[in-house]
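What follows is a single structure, written as structure tokens, with notes after it.
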Amino acid sequence: MPFARLASATTPTCHIGFGLAAVGRPGYINLGRDRDLGPDRGVDALRTRTHELLDAAYAQGVRYVDAARSYGRSEEFLADWLKVRPEIDDIVVGSKWGYTYTADWTTDAEHHEVKDHGVATYERQRAETAALLGDRLDLYQIHSVTPDSPALTDKELHTRLAEAAGQGVTIGFSTSGPAQADAIRAALAVTVDGEPLFRTVQSTYNALETSAAPALAEAHDAGLTVIVKEGMANGRLAEPHAPQELRAVAAETSHGCDAVALALILRQPWTGVVLSGAATVHQLASNLHAAVVDLDDDQLTRLAALAEEPRAYWDKRGSLPWH
């Protein structure tokens, strides 16, 4: 089914999706993740945790799930969940290609993932995704496009992606780094036979990193669905790491810092979906409260002052340890 069917979802939380980056592999950079997951990072333990989270997300109205080839066994865990719940046919499934997971289920690998946006990697990973998710895949995204990515200029790759689109899979891309806006605008210009190739964009945007906002607004105006990732800034906006001003606003709303941080993103007129990267059912429930948080103009002004210079933000992100 096409990704566009997400637009017909009417649950109160349908604009909040669930991302599997934090639970599909034993190591990730989210602050507090070591506490959230505990010592058992075995495949069976994370499979069980992922299924519990997916059950909770679906029961509370979430209808978009986001995986990636580099998120360890995230596609496998999701595929297993879908197989044992055949009655669930209204979940929209997205995944990504372009990074290969190389950590071999450890938390201390020298390299956890290797990036390659070439045609050969696309063909290999598309086959791997198809073997797991089959026709349940709705959206396939190029993972972490930057302005210098060959994925923006490789005509052969564009042709292959357009072929996938012709078979019913929506084609999108994600971005990262301090030049996200440049990557988004370059991707908007990519066409095949005169038609835009990309129908979705997934970018980092949060209270600390707002630089992509104008380009995301342009993407929305061009007809793309905007998916926001890292709305919690890899844990920097969650207790106990949240800035004091965010904590103050959260206290005023009687909601958690996480719900306020995600509510700030939901207020953006170009936001289609904001991802929760929860690692526990409790975190997920708290994240979903974002759908009912009401922020006034004064609170919005105070939160806007938290924004950092993009390069400083991404340097900080790059220094976060893998837990």
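Side notes on the structure shown:
- Cα-centre dipole for segment 121-203 with unit charges at Cβ (Lys and Arg positive, Asp and Glu negative), debye to 20: 140
- Lysines with Cα under 28 Å of K115, excluding same-chain neighbours fewer than 8 positions away: K96, K155, K229, K316
- With all protein chains in place and a 1.4 Å probe, the accessible surface of the chain carries 52 percent carbon and sulfur.
- Each Lys or Arg adds one and each Asp or Glu takes one away; over the other residues whose Cβ falls under 15 Å from the Cβ of L295, this sums to -4.
- Per-residue ellipticity at 222 nm, computed for the chain from helices alone with -39500 (n - 2.57) per DSSP H run of at least four residues, works out to -11000 deg cm²/dmol.
- Charge sum, other residues only, whose C-beta stays under 11 Å from K316's C-beta, Lys/Arg counted +1 and Asp/Glu -1: -1
- Stretch gain in nm, segment D89-R267, where the contour uses 0.36 nm per residue and the Cα spacing is subtracted: 61.2 nm
- Each of S203, A213, M232 was placed along the dipole of segment 130-245 (beta-carbon charges, centred on the mean Cα), and the one lying farthest toward the positive end is M232.
- Extension gain, A305 back to T191 (0.36 nm per residue minus Cα-Cα distance, nm): 37.3 nm
- Inter-part distance where segment 109-175 and segment 227-252 are each reduced to a Cα centre, Å: 31
- Computed over the chain: relative contact order in percent, which uses C-alpha pairs under 8 Å that are six or more apart: 20
- The 1.4 Å probe gives accessible areas that order W81, W105, largest first, as W105, W81.
- Per-residue SASA entry for S203, accessible area with 1.4 Å probe, Å² rounded to 10: 0
- Length added when fully stretched, T10-D104, from 0.36 nm per residue minus Cα-Cα: 29.9 nm
- Across segment 38-131, the mean sequence separation of Cα contacts (distance under 8 Å, 6 or more residues apart), normalised by length, yields a relative contact order of 24 percent.
- Area of R185 that stays accessible when all protein chains are in place (1.4 Å probe, Å², to 10): 100
- Computed about the Cα centre, the dipole magnitude for the chain is approximately 260 debye when only Lys and Arg (+1) and Asp and Glu (-1) carry charge, each at its Cβ.
- Given the choices (1) 21.3, 67; (2) 18.4, 53; (3) 17.9, 59, Rg and Dmax of the Cα atoms in Å derived from the coordinates of this structure is entry (2).
- A 1.4 Å probe, protein heavy atoms only, puts the accessible area of L300 near 40 Å².
- On a per residue basis, the chain carries 41 Å² of accessible surface, using protein heavy atoms and a 1.4 Å probe.
- Neighbour net charge for G94 - beta-carbon separation under 15 angstrom, K R +1, D E -1: +3
- Here segment 45-87 was treated as a single set of alpha-carbon atoms; its pair distances binned every 5 Å from 0 give 5, 22, 33, 29, 9, 1 percent.
- Legend: P(r) of segment 76-196 from all alpha carbon pair distances, 5 Å bins from 0, whole percents, reading 2, 10, 18, 21, 19, 15, 9, 5, 1, 0.
The values are calculated or read from the model by the stated rules, or taken from the named source; none is laboratory data. The shown structure was predicted, so the numbers you read here are calculated from the model rather than taken from an experiment. Glycine also receives a Cβ, built like all others from the backbone with ideal geometry; neighbour counts cover every protein chain displayed. Calculation scope for accessible area: heavy atoms of the full protein, side chains included, ligands and nucleic acids excluded. Shrake-Rupley method; radii C 1.70, N 1.55, O 1.52, S 1.80 Å.
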